[in-house]
Amino acid sequence: MTMLDEIRHRIDEEMGSLDHELTRELPERIRKAVELGDLRENAEYKSALERQQFVQARMSHLSQRQSELSQIDVENLPADRVGFGSKVSVKDLDGGETFDFTIVAGDFLDLDAGQISLASPIGRGLLGARLDEKVKVSLPMGERRYQVVSLRTLPEQLRMD
């Protein structure tokens with residue numbers, strides 16, 4: 001399963017769960033809250049309405065992400081530079097440590113799995129870097145220097161699978 005497939009699957013799962021909550025659970029919570037009477041001071045009613053608004057906004061956001069993902073043309077992603085979906089190893093030139101990352105969209109970040117967002121300082125700093133290239137990254141703790149020591153772009157990964 002490619003990274004794009006994984007992201008699509010995660011979006012579909014979350015949207016299914018949110019749809020169930022929006023069409024089944026929240027209407028029931030609202031119905032029960034209405035039965036309690038005076039809606040002006042009914043905390044359960046207000047809470048259910050706030051949750052309903054949040055779920056609708058999240059579903060709209062996820063729908064937009066699905067649309068964006070469908071527009072990613074893997075064939076036109078650079079095969080020689082860090083970009084979305086790249087698996088990259090970088091050496092910290094100041095500390096000597098080597099770190100392995102997969103570059104992902106911000107919504108689907110999993111630090112425990114070694115994923116970093118394109119929007120993060122490290123993701124932005126590595127974006128477009130080539131194998132063996134040195135980059136400077138501005139982090140909250142100061143500037144760090146990294147060298148790309150290994151790179152597998154998404155197009156390369158798809159050709160190998």
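Mind checking whether some residue in segment 11-30 is touching an Asp or Glu at 6+ places or on another chain (Cβ under 8 Å) and among the hydrophobic types (A, V, I, L, M, F, W, C)? Walk me through it before giving the result.
Filtering segment 11-30 for residues touching an Asp or Glu at 6+ places or on another chain (Cβ under 8 Å) gives 29.
Going one step further and asking which of them are among the hydrophobic types (A, V, I, L, M, F, W, C), we end up with none.
No.
Being free of Cβ contacts under 8 Å to residues at least 60 places away in the same chain, farther than 30 Å from Glu133 by Cα and not polar (S, T, N, Q) is true for just one of Val55, Val90. Which residue is that?
None of the others qualify; the one that does is Val55.
So Ile103 passes all but one of these: (1) under 21 Å from Val148 (Cβ atoms); (2) in contact (Cβ under 8 Å) with a residue 40 or more places away in the chain; (3) among the aliphatic types (A, V, I, L, M). Which condition number does it fail?
With respect to (1) under 21 Å from Val148 (Cβ atoms); (2) in contact (Cβ under 8 Å) with a residue 40 or more places away in the chain; (3) among the aliphatic types (A, V, I, L, M), Ile103 is out only on (2).
Restricting to segment 6-62, name every residue that is of a type in the set (Ser, Thr, Tyr) and touching a helix residue (DSSP H, G or I) at 6+ places or on another chain (Cβ under 9 Å).
Selection gives Tyr45, Ser47.
If only one of Glu14, Glu28 is over 18 Å from Val148 (Cα atoms) and under 18 Å from the mean Cα position of the chain (by Cα), which one is it?
Just a single option satisfies the conditions, and that option is Glu14.
Find all pairs meeting these conditions: Cβ atoms under 6 angstrom apart; at least six residues apart or on different chains; first residue within segment 121-143 and assigned by TED's automatic domain parsing to the domain that holds Thr102 and assigned to a strand (DSSP E or B); second residue among the aromatic types (Phe, Trp, Tyr) and at pLDDT 90 or above.
Within 6 Å, the pairs are Val135/Tyr146.
The values are calculated or read from the model by the stated rules, or taken from the named source; none is laboratory data. Owing to the predicted nature of the structure, the values given are computational and were not obtained by experimental measurement. Quick reminder, even Gly has a Cβ in these numbers, built from the backbone with ideal geometry, and neighbours come from all protein chains shown.
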